[in-house]
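Nothing in this text is a laboratory measurement; each read-out follows from the coordinates by a stated rule. Just so you know, these numbers come straight off a predicted model, no measurement behind them. In this analysis, Cβ positions are derived from the backbone assuming ideal geometry, glycine residues included, and neighbour counts consider all displayed protein chains.
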Amino acid sequence: MAAKIKKGDRVVVLTGKDKGRQGSVLQVFPKEQRVLVEGLNMVQRHTRPTQTDPQGGIKNKEAPLHVSNVAVVDSQGKPTRVGFRMEGDKKVRFAKTTGEVING
């Protein structure tokens, strides 16, 4: 199945502690059906000192969100579902709300 959400897409969180916040997708995990969104779903990790990080301590990092909890943002800044259509001989993603082609 084709990816409805890709790396670099601007998404909005639909549920959870970050509901309504927007960010860009850093990484997609298709097998786990999860996405990593920049600056959202932050968690704290306690790390022990290593040679690469001699300080160690408590670090903040993003945790993956389930793809069903995020939606792509259209050109008007609203969440939209993603559809596919053929334009010539190319398959493109488009926003269901506006009908515009999503970059890529």
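Here are a few things to note about the model shown:
- Cross-link reach is defined here as a Cα-Cα straight distance under 25 Å, omitting same-chain residues fewer than 8 places apart; for residue 78 the lysines meeting it are 4, 6, 7, 17, 19, 91, 96.
- Here the simple spin-label model places points 7 Å from the Cα toward Cβ, and for residue 61 and residue 84 these points are separated by 3.2 nm.
- Within segment 5-104: Cβ-based charge dipole about Cα centre, in debye rounded to nearest 20 (Lys, Arg +1; Asp, Glu -1): 200
- Amide H partners (placed H, <5 Å) of residue 37, local residues excluded: 26, 65
- Here the peptides 42-52, 10-20, 64-74, 89-99 are ranked by packing, the mean other Cβ count within 10 Å, and the order with the highest first is 64-74, 10-20, 89-99, 42-52.
- If R0 is taken as 41 Å, the Cβ-Cβ distance between residue 97 and residue 46 corresponds to a FRET efficiency of 0.45.
- When the alpha-carbon atoms of the chain are used, the pair Rg, Dmax equals 16.7, 56 angstrom.
- Residues whose amide H falls under 5 Å from that of residue 70, counting only those 5 or more places apart or on a different chain, are 14, with hydrogens built in the peptide plane.
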